[in-house]
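Here's the structure, in structure tokens; my notes come after.
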Amino acid sequence: MPEQQEISLSILKKRWLKFKTLRRGYYSFILLIILYGLSWFLPLLINNRALVVKYNDEIYFPVISGYHAGSFFGQDVPGETIYRELKATWKAEDSDNWLIMPPYPYSPYEDITVQGNKMYEAPSKTHWLGTDNTGRDVFSRLCYAFNISISFALVLSTLNYILGVLIGGSMGYLGGKFDLIFQRIIEIWSSLPMLFVIIIISSIIRPSFFLLIFIYTIVNWIGMTYLMRAEFYREKSKDYVAAALSMGQSNFKVMFKHILPNSLVPIITYFPFSIVGGISALVGLDYLGFGMPPPTPSWGQMLDVGLQNISKYWMVMAPVGAQFITLIMVVFIGEAVREAFDPKVYSRLR
Amino acid sequence: MSKNTLVDVKNLSVHFPVHGGVFSKRVATVKAVDGISFSIDKKQIVGMVGESGCGKTTVGRAMINILKYISPEVEVGGSIEYHFDDGIVDFAKLKASEMRKYRSRVQMIFQDPYASLNPRMTVAQIISEPLQLHTKMNAKEQRDRVGWLLDKVGLQPEQARRFPHEFSGGQRQRIGIARALATNPDLIICDEPVSALDVSIQAQVINLMMDIQDEFDVSYLFIAHDLSVVEHISDKIAVMYLGDMAEYGDAQDVYHHPRHPYSKALLSAVPLPDPSRKNRKRIVLKGDVPTPLNKPSGCAFRTRCPIAQPSCAESKPEFKEHAKDHFVACPIVEKKALNL
């Protein structure tokens, strides 16, 4: 008897395999995942604090332990130790003390108040993308802003999705009065002029990462409800739902075990574009000055400063380039996801 | 009503309100099922036939009490009394919370084998779902039971890890049957289980269903629009027209000696592979089925009935026992029979 070796693949698994064959999207996906993963270790990679310091037979980890005054390591500077100079001094003295700096030894926050930093420094070997109007290193700010942007977009999209799926799904599944009432609420809610709300709120209270996400979420979940309502409404009338109900499955289980997995197409195909929206939203707000509080590295704020000093090309090009590359990678992913979910085999992306 | 009765449906009506206008006022009522009565004995197969849109499926869904989930505003009247071993339960009056423990007793096989299996779940997951809900089996027992059920319905237990889209229509319907059997129900409502299948596969599935009925001692309510299929499988036949019961009785009796003019017309349309009966009379009904939104007064069938009389418009015909266990809703036929 011939042995059956073929493994049955779920629809999602098939789509994942198809996604993998769409090179542009797949490689963008891998690259973005790696970059975002690395960006959580930025303090170890791009920082002005030393990773390890050996001073007088004691080992210190300034990256983790934080502030050490200059006098602590015998350096004659006001405030915190400047580890770059400390390293140079120790090397010149050929002393027993040593320290290891991160690969790129500049922090996004250190400005001209730190000895040795200059304003408007053009890109060079030390400052890869130059310095800005307050002497902060552009490259390091860019990298930290990447982490914040993507995190912001991810958290925002996830929250929107949770709310949108819950409310939209219940609307479609329960129907009747619940649907009617929530539709009217959504119509009223969606007519709120969102940007003005944010501008008003951030002029009253100082915005923070989570406050911004909160404000954006209370308006943004609406988009998803339309899609989910339609999906649940359609799936609900299929016989497998009747079958699940007739065997006594609870409404909640029917919604999330049976209907939701069959309504994933808009959720997944929409997600990358929702990320693009999230990143752009944060950039826009920061550019207008209503976003994250000032010292936070952000592409929008860098763009704003760059445009005020447009003759310093690196200050404009860096945030624009970073945004461009990030957004286009996300769009590539989105395009490939859409393609992978398309039942037609023909593809122009391969 | 005999001791052997499993379910006794009395005067069942299912009405769907229709709303319209600015304030969603109730403007009309779709009387999908309008007062029907019949009963199913233990280990009995009752076939239910009728044109599409006559309420057959609605009866089936009312009998497993899921109409309220599908359209919350539905109004169900009458009673659907189940005589289980541990007491009598009226599904028409049961609340959702009380309903759950009886769910395992009545199961359903659906018409469309492509829509009735969740495409995201493997066969094992689909069949073991009722087991998870109604039994305390552990994972291994469930796996064994799934394999055993698959074997019973003519599939290989190894196929349990596959997804529904890897099966043909007939195989999917077998999976549906296995799912319905999982909890050893007393009654299975078969909602046109073979209409979506090829004729050759139809026969296989029907034979399988009959074998299973023998083995599991289960009752069927077999809904179909193909009379020859119903005659082959059923002990009793119920003929429905536009939400009303036209005729109900012993299968052979109804099939060979139909009394209601609608049943006669329906039966005369069944193709017979018998050249000697080539010249039998075909009764062709005129017109379409009226909409259940606006049913004709009196007898719903009078607009198309070949023997209709003015009195038919006056009152709804009584559902009377014309012969032993043979109920017909037509006073004209009764009069004729008496005059003979």
When you look at the Cβ of every residue in A:248-254, what mean number of other chain Cβ atoms sits within 10 Å? 4
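Taking only complete DSSP H runs, can you tell me which helices of chain A stretch 30 Å or more along their own long axis by Cα positions and average at least 1.0 on the Kyte-Doolittle scale? Each step should come with its number before you reach the end.
Values: long enough: A:138-174 (52 Å, 1.40); A:209-236 (37 Å, 0.73); A:264-288 (35 Å, 1.62); A:313-341 (41 Å, 1.36).
Membrane-span-like by this criterion, though nothing is claimed about a membrane: A:138-174, A:264-288, A:313-341.
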Would you order B:S168, B:S116 from fewest to most other beta-carbon atoms within 10 Å of each residue's own beta-carbon? B:S168, B:S116
With 10 angstrom as the radius, rank A:K312, B:K316 by how many other C-beta atoms surround their C-beta, starting from the fewest. B:K316, A:K312
Using the Kirkwood formula on the Cα atoms of the protein assembly as shown, what hydrodynamic radius do you get, in angstrom to one decimal? 31.1 Å
Euclidean distance of C-alpha centroids, the stretch A:84-101 and the stretch B:1-40, integer Å: 90 Å
Pairs of Cα atoms under 8 Å, at least six residues apart: use those to get the relative contact order of chain B, whole percent. 19 percent
Where does each of A:271-277, A:322-328, B:243-249, B:72-78 land if you order them by average Cβ count within 10 Å, highest first? B:243-249, A:271-277, A:322-328, B:72-78
Using alpha-carbon coordinates, inclination of helix B:139-152 to the longest axis of chain B, degrees: 50 degrees
What angle, in degrees between 0 and 90 and rounded to the nearest 10, separates the Cα long axis of helix B:169-181 from the longest principal axis of the Cα atoms of chain B? 80 degrees
Of the residues B:L187, B:L227, B:L208, which exhibits the maximal mean-square fluctuation in a Gaussian network model of chain B defined by a 10 Å Cα contact cut-off? B:L208
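Suppose only helical runs count, i.e. DSSP H with n ≥ 4. What mean residue ellipticity at 222 nm does that imply for chain A under -39500 (n - 2.57) per run, divided by all residues and rounded to the nearest 500 deg cm²/dmol?
Values: 13 runs with 210 residues, N = 350.
Counting only the DSSP helices, I get -20000 deg cm²/dmol.
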Which residue fluctuates most in the GNM of chain A (Cα springs below 10 Å): A:S140, A:S65, A:S237? A:S65
What is the mean number of Cβ atoms from other protein chains located within 10 Å of the Cβ atom of each residue in peptide B:66-73, rounded to a whole number? 5
Estimated Rh, the stretch B:5-339: Kirkwood, alpha-carbon pairs, angstrom: 21.2 Å
Would you work out the relative contact order for the stretch A:78-155, in percent, from Cα pairs under 8 angstrom that are 6 or more residues apart? 21 percent
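Take peptide B:104-110, look around each residue's Cβ out to 10 angstrom, count Cβ atoms belonging to other protein chains, and average those counts. It would help to have the intermediate numbers written out before the result.
Values: counts 2, 0, 2, 3, 6, 2, 6.
Average neighbour count from other chains, rounded to a whole number: 3.
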Treating the Cα atoms of the stretch B:59-218 as identical point scatterers in vacuum, please give the log10 of the normalised Debye intensity I(q)/I(0) at q = 0.08, 0.12, 0.15 Å⁻¹, two decimals. -0.24, -0.54, -0.85
Long-range alpha-carbon pairs in the stretch A:216-350, meaning those over 18 Å apart, account in percent for 69 percent
Can you list, bin by bin at 5 Å, the percent of alpha carbon pairs in the stretch B:186-340, starting at 0? 2, 8, 16, 19, 19, 16, 11, 7, 3, 0, 0
Per DSSP, loop chymotrypsin sites (Phe, Trp or Tyr not before Pro) in the stretch A:1-89 with at most 14 further Cβ within 10 Å: A:W40, A:F41, A:Y67
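With all pairs of different alpha carbon atoms counted, what Kirkwood hydrodynamic radius in Å does the stretch A:271-343 show? Please report the intermediate quantities before stating the final value.
On the way: mean 1/r = 0.0754 Å⁻¹.
After inverting the pairwise mean of 1/r, the radius is 13.3 Å.
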How high is the relative contact order of the stretch A:48-101, in percent, with contacts defined as C-alpha pairs under 8 Å that are six or more residues apart? 43 percent
To the nearest µm²/s, what D does Stokes-Einstein give for the stretch A:58-184 at 25 °C and 0.890 mPa s, using the Kirkwood radius over alpha carbon pairs as Rh? 130 µm²/s
Filtering chymotrypsin sites (Phe, Trp or Tyr not before Pro) in the stretch B:1-98 by DSSP loop and by at most 16 other Cβ atoms within 10 Å leaves B:F23
Mind telling me which of B:D253, B:D144, B:D86 comes out most flexible in a GNM of chain B, alpha-carbon contacts under 10 Å? B:D86
Theoretical ellipticity at 222 nm over chain B - DSSP helices of four or more residues, -39500 (n - 2.57) apiece, nearest 500: -8500 deg cm²/dmol
Applying 1/(1 + (r/R0)^6) with R0 = 51 Å to the Cβ-Cβ distance of A:K118 and A:S190, what FRET efficiency is obtained, to the nearest 0.05? 0.55
Taking the alpha-carbon centre of each part, the distance from the stretch A:253-279 to the stretch B:209-245 in Å is 42 Å
With angles folded into 0 to 90 degrees, how steeply does helix B:199-216 sit against the dominant principal axis of chain B? Use alpha carbons for both and round to 10. 70 degrees
Rounded to whole Å and ordered largest first, report the semi-axes of the equivalent ellipsoid of the stretch A:10-108 derived from its Cα gyration tensor (root of 5λ). 44, 12, 11
Need one number: convex hull volume per residue for the stretch A:135-223, Cα atoms only, in Å³. 104 Å³
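Read-outs: derived from the displayed coordinates by stated rules, not from any lab. This one's a predicted model, so the numbers in the text were calculated from it and none came from an experiment. Note that we place each Cβ from the backbone using ideal geometry, even for glycine, and neighbour counts take in every protein chain shown.
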